[in-house]
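One structure coming up, written as structure tokens, with questions to follow.
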Amino acid sequence: MAERARWPGVSVALVLLLAILPYVPAFSNGFALDDVWQVETNDAVHDPGNVGALLVSPYSVGTNPQRSPYRPVTTVTWAVDWALGGGSPTVFHVTNVLLHAGACVALLALLCTLGAPAGAATAAAALFAVHPVHVEAVANVVGRADVLATLFVLLAALAYLSEWGARWGVAARAAAVGAAYLLALGSKEIGVTLPGLLVLLEAARCGGDRRRLASALWRERWVYGAAAVVLVAYLGARLAVLGMVSTYDVAPYIAVLPSGVRAATAVANLSEVVRLLAFPLDLSSEYGPAVILPTGAASLRFWTGALVGVGGLALGGLALRRGAPLAGAGLLWIALALLPIANLVLPVPIWLAERTLYLPSVGAAAVVAGVGAALARSRRQRLRAPAVAAAILFVILGAARSWTRSGTWRDTETVLATLAEDHPESFRAQWWVAGRLVQAGSVERGLDRMEEAVRLNANDAFIRLDQVRLLLVAGRPAEAEEKLRSIPEGMSPTWHAYRVQSLADRGLMEEAREAARRGLERFPGNELLSGQAAALGVIIPSTR
């Protein structure tokens, strides 16, 4: 009895250690990529008195609200961190790691609640803690949205399933699940899957018995009713803040594809998801073209992905009904958690991102715990020692990979340099290398790389604008002017500024002055355009 009493504490301590230790290098990270404009230069999260406004504001800064998510819980936590640390990125990274540690412990508790033996639950939570695919979510500040949403989903599941939740009474438990659901939705949209995930967990608790499941769901109708009320309220808030329930923020390289190609590529990508969850050695901060290219239904990639998807669903359903309910529920959890981000139901801004696999990987942990439970019940004791050895090996390798990967998120330059080394075929890597080559004087090579980046992502106007910038830096204003004509006029102040510079560099001063006036009419007060206008002797009308 004494051994069993000490074991849960040992498990929690081990999981906490493994959740924190691989991310020690992240404590010295700065702000990288989206962190810069979402946090570092976002005045909205710098004012501690602005919390109320953040609750009714779009998530993305400086964009059309209808192209923005709505994640007020995440932005409020950033405001709190900014107030605590005075803008120090260390505070943000420490918070991310602590939230990850909390999610790992909540997962351990949930697996134990579902009947997994302590050893199997600990092994599964330990693997989740060190899994390298989580580095982007934990070591990058904007990844907090995925960690928060997952943490609240796990807390809702614990309130729903645990003995202490049952002691609260129906009303209190429904309120607790509803509150956690609201916080998950406010952290990131993937929280919408919570009611379905609870049904899967209930099915696991019922051992896959349909009658028991139907009875349990009816008994828990008040919990699901509370979740429905929360979902309606959340969707109403999104409509009020964004002007629409969903958004039309789609990656430029996806937006131009026929729906059939988009869906076929989404199916093909399922095999990549399995690879990242099972063998996360090759990681990338960018899975756009050409890391992942569009494909059709006739490709081998499509049929491999289809086999993975259909096989996973079939195996999950079979395991749920045939004596391995936890593993079966875990496989179905992966599928359900992937659905909102897979480009199958609605177009989303990415083919794939490692941070978005944080919630689906809870299902992978459940599969591990379910397999461990089956081994614990098995009479073939000779399999247990190799299984324990394999788990220890994978934990060590995962922790080492996560440690080395954490440092690559130090800043934007480090992330892009790593991407260029690991996946030079990526359009973003091509774009980054192009700028460095031009700066170093290798103009032709740099412009060739930029042309390749534009070819891979031709629908991205901002990439094409940067090509114009490089042409101007290279002293080719006529070519820059030609490229500008293919970009929507007036899309940003930068477009007008490059137009002014391309004309001035060719000696067309009157046309340059007129372009400066037109730019300021569209974007009055813009510092870059105002500076150009002043240098050209343009009289700027007073805006008072």
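Which of the peptides 199-205, 316-322 is most tightly packed, and how do the rest follow, going by the mean number of other Cβ atoms within 10 Å of each residue? Can you show the working numbers first?
On the way: 199-205: 22.1, 316-322: 18.4.
Going from most to least packed, we get 199-205, 316-322.
What are the ³J(HN,Hα) values, in whole Hz, obtained from phi via the Karplus relation 6.51 cos²θ - 1.76 cosθ + 1.60 with θ = phi - 60°, for each residue of segment 260-267 in sequence order, with x given for Gly and Pro?
Residue by residue, segment 260-267 yields x, 5, 4, 5, 5, 5, 4, 5 Hz.
Same structure again: With r defined as the distance between the Cβ atoms of Ile539 and Glu511 and R0 fixed at 22 Å, what FRET efficiency is calculated, to the nearest 0.05?
Working: r = 17 Å, r/R0 = 0.77.
My answer for the efficiency is 0.85.
Still on this model: Return, ordered by residue number, the residues of segment 421-445 whose backbone nitrogen is under 15 Å from a label point located 7 Å along Cα→Cβ of Val36.
From segment 421-445, the list is 428-429, 431-436.
Here is a further query. Please say if segment 214-253 is rounded, prolate or oblate, where rounded means a/c under 1.5 for a ≥ b ≥ c the square roots of the C-alpha gyration tensor eigenvalues, and otherwise the choice is prolate for a/b larger than b/c and oblate otherwise? Let's see the in-between values first.
Working: a/c = 7.26, a/b = 2.19, b/c = 3.31.
It comes out oblate by the Cα gyration axes.
Quote the relative contact order of segment 52-145 in percent (integer), defining contacts as alpha-carbon pairs under 8 Å separated by 6+ residues. Please report the intermediate quantities before stating the final value.
Values: 68 pairs, mean separation 21.5, N = 94.
The normalised contact order for segment 52-145 reaches 23 percent.
In whole angstrom, how far apart do the alpha carbon centroids of segment 86-138 and segment 386-404 sit?
A separation of 15 Å, based on Cα centres.
Using the heavy atoms of the protein chains alone and a 1.4 angstrom probe, what is the accessible area of the chain per residue in square angstrom? Mind dumping the intermediate values first?
Working: 24250 Å² over 544 residues.
Using a 1.4 Å probe on heavy atoms only, each residue of the chain averages 45 Å².
Run lengths n ≥ 4 of DSSP H only: what is the helix-derived mean residue ellipticity at 222 nm for the chain, with -39500 (n - 2.57) per run over all residues, to the nearest 500?
That calculation yields -21000 deg cm²/dmol at 222 nm.
Can you compute the FRET efficiency between Leu98 and Arg210 using 1/(1 + (r/R0)^6), with r the Cβ-Cβ distance and R0 = 56 Å? Round to the nearest 0.05. Don't skip to the answer; put the middle values down first.
Values: r = 41 Å, r/R0 = 0.73.
Computed FRET efficiency for Leu98 and Arg210 comes out at 0.85.
Something else now. With a Förster radius of 41 Å, plug the Cβ-Cβ distance of Arg445 and Val12 into 1/(1 + (r/R0)^6) and report the FRET value to the nearest 0.05.
On the way: r = 54 Å, r/R0 = 1.32.
Calculated transfer efficiency: 0.15.
With a 1.4 Å probe and every protein chain kept in, tell me what percent of the accessible surface of segment 127-201 is carbon plus sulfur.
Result for segment 127-201: 75 percent of the exposed heavy-atom area is carbon or sulfur.
Using a/c under 1.5 as the rounded threshold, could you call segment 475-529 rounded, prolate or oblate? The axes a ≥ b ≥ c are square roots of the C-alpha gyration tensor eigenvalues, and prolate needs a/b larger than b/c, oblate otherwise. Mind showing how you got there, number by number?
Values: a/c = 2.07, a/b = 1.30, b/c = 1.59.
Oblate, since a/c reaches 1.5 and b/c is not below a/b.
Would you pull out the residues with amide H under 5 Å of Ala474's amide H, same chain only if 5 or more places away, H placed 1.01 Å from N?
none
Listed highest first by mean packing, meaning other Cβ atoms within 10 Å per residue, what order do 30-39, 358-367, 262-271 come in?
Numbers: 30-39: 20.1, 358-367: 26.5, 262-271: 22.2.
Order by mean packing, descending: 358-367, 262-271, 30-39.
Taking the mean number of other Cβ atoms within 10 Å as a proxy for protection, how do you rank 499-505, 418-424 from highest to lowest? Don't skip to the end; give the middle numbers.
Details: 499-505: 22.0, 418-424: 16.6.
By packing density, highest mean first, the sequence is 499-505, 418-424.
Report the label-to-label distance for Asp282 and Ala171 in nanometres (one decimal), using points 7 Å from each Cα along the Cα→Cβ vector.
5.8
Tell me, what is the percent relative contact order of the chain, built from C-alpha pairs under 8 Å that lie six or more residues apart?
Details: 863 pairs, mean separation 86.6, N = 544.
Relative CO of the chain lands at 16 percent.
Another question, then. Pull out a ≥ b ≥ c, the square roots of the eigenvalues of the alpha-carbon gyration tensor of segment 218-359, then state rounded if a/c is under 1.5, prolate if not and a/b is larger than b/c, and oblate in the remaining case.
On the way: a/c = 2.02, a/b = 1.10, b/c = 1.83.
In terms of gyration-tensor shape, oblate.
The values are calculated or read from the model by the stated rules, or taken from the named source; none is laboratory data. What you are looking at is a predicted structure, and each value in this text was computed from that prediction instead of being measured. Every residue, glycine among them, receives a Cβ derived from its backbone with ideal geometry; neighbour counts consider all protein chains shown. In case anyone asks, the SASA skips ligands and DNA or RNA and just uses the protein heavy atoms, side chains included. Shrake-Rupley method; radii C 1.70, N 1.55, O 1.52, S 1.80 Å.
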